[in-house]
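First up is the structure itself, then whatever we jot down about it.
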Amino acid sequence: MRYFEASGDRVAIRESARDRLTRGALWLFVAPSLVAATGWTGYGLFVEERSVGLLLVTGGVVALGCVGPALFGLYTMATANRTAHARRVVFDLGERLVERRGAAPAVYRKPDAVRVARAGLLGWTLRLDGETPMTLVRRVPHGSGRALAEAADALAEALGVEARVPAAARTAMGAIPHDEDTWAALCYLPLDGVNFAYCLMALLSSRHPRLRFAAKQSLVQLAVEAFLAACLSGCLGIPLVAASAPFAVEAAAFLCPFTIFGALRVTVRLTAALRAYRKTAWVMPWLGPIVRRWAPAPREAS
């Protein structure tokens, strides 16, 4: 269970590495796009006298503005597991102690309740209410509220107290689905960049066999699609340039095959997404020699 683990009399609440990976992915994939869009929009709207020098300066500023968030995102993703483990809180109910990394063990005092509360507009926090209130998980994304609610219920049962969880947390939905099979379906989305981000997040944060298989197969399929698109461009573009045909004929001859290729790509990916959503680890026949080794065993896939 995310955020919660139990072993005998020892109960631990930990941050989720997935949450930090999500934040890192936003900095890596989304923030540079926003910076670039803002920078070039400002250049187009407010700069009247255009020059090569000003264009180069704007490009340099935008590039630096994109590199900063991307590097921060990579660092956040690379340190996700270590940071999440460092913020773990352990309750030793047998010895009646509370242990935090970097602090001396403290005497455990039974709380009044375990509470999930709002942390800002789009986040949740997990804390203990009582004589000695304690924050266990400081902030998780809004979409992780359901997993945090389950951890609060499990912790409250272990401590023998009430769980106070708002209904909005139990039904929270975010960019990363709570269900791994829905996540596996999103890995096959025919939207380049989006599918890559879901695949990368899955491989970095999940042990679910069907989800990991879907992420790996989608990435291999993405490489095959890029190769086929490059080959199609070369095979069509070179003869058309040499033929010197009218522009309308060239455009039709170039775009029609790509339209067919795009329709086949969307059909294949939506079929794979539907099968993944239905808990089926479908091996694409043309990728079988490569991806079959990653397919989960029948017992794991059921």
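Read-outs: derived from the displayed coordinates by stated rules, not from any lab. Keep in mind it's a predicted model, so treat the numbers as computed, not measured. With ideal geometry, Cβ positions are generated from the backbone for all residues, glycine too; neighbour counts draw on all protein chains shown.
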**Message:** I need the Kirkwood Rh of the chain: take the reciprocal of the average 1/r across all distinct C-alpha pairs and report it in angstrom.
**Reply:** 23.0
**Message:** I need TRP294, TRP40, TRP183 ordered by Cβ neighbour count within 10 Å, fewest first.
**Reply:** TRP40, TRP294, TRP183
**Complete:** Taking Lys and Arg as +1 and Asp and Glu as -1, residues besides VAL268 with C-beta under 13 Å from its C-beta add up to +2
**Request:** Treat the count of other C-beta atoms within 10 Å as a stand-in for reagent exposure and order ASP153, ASP112 from fewest to most.
**Result:** ASP112, ASP153
**Message:** With both bridge residues required to lie in the range 91-170, what share of the DSSP beta bridges run antiparallel, to the nearest 5%?
**Reply:** 85
**Request:** May I ask you to list, by number, the DSSP H helices of the chain whose Cα span along the axis is at least 24 Å and whose average Kyte-Doolittle hydropathy reaches 1.6 or more?
**Result:** 52-78
**Asked** How high is the relative contact order of the range 163-218, in percent, with contacts defined as C-alpha pairs under 8 Å that are six or more residues apart?
**Response** 33
**Message:** Can you show me the helix-derived [θ] at 222 nm for the chain, built from DSSP H runs with n ≥ 4 at -39,500 (n - 2.57) apiece and divided by the number of residues, rounded to the nearest 500.
**Reply:** -18500 deg cm²/dmol
**Prompt:** With the calculation restricted to Cα positions, what are the radius of gyration and Dmax of the range 91-170 in angstrom?
**Reply:** 12.8, 38
**Item:** At 1.567 mPa s and 4 °C, Stokes D of the range 9-53 from Kirkwood alpha-carbon radius, µm² per second
**Value:** 92
**Message:** From Cα pairs below 8 angstrom and at least 6 apart in sequence, can you work out the relative contact order of the range 19-82, rounded to a whole percent?
**Reply:** 64
**Prompt:** What number comes out for the charge environment of GLU99, summing +1 per Lys or Arg and -1 per Asp or Glu over other residues with Cβ under 15 Å away?
**Reply:** +4
**Item:** Environment charge at ASP19 (Cβ cut-off 10 Å; Lys +1, Arg +1, Asp -1, Glu -1)
**Value:** +4
**Fill in**
One finds the C-alpha centres of the range 255-272 and the range 127-166 to be spaced, in Å, by 46
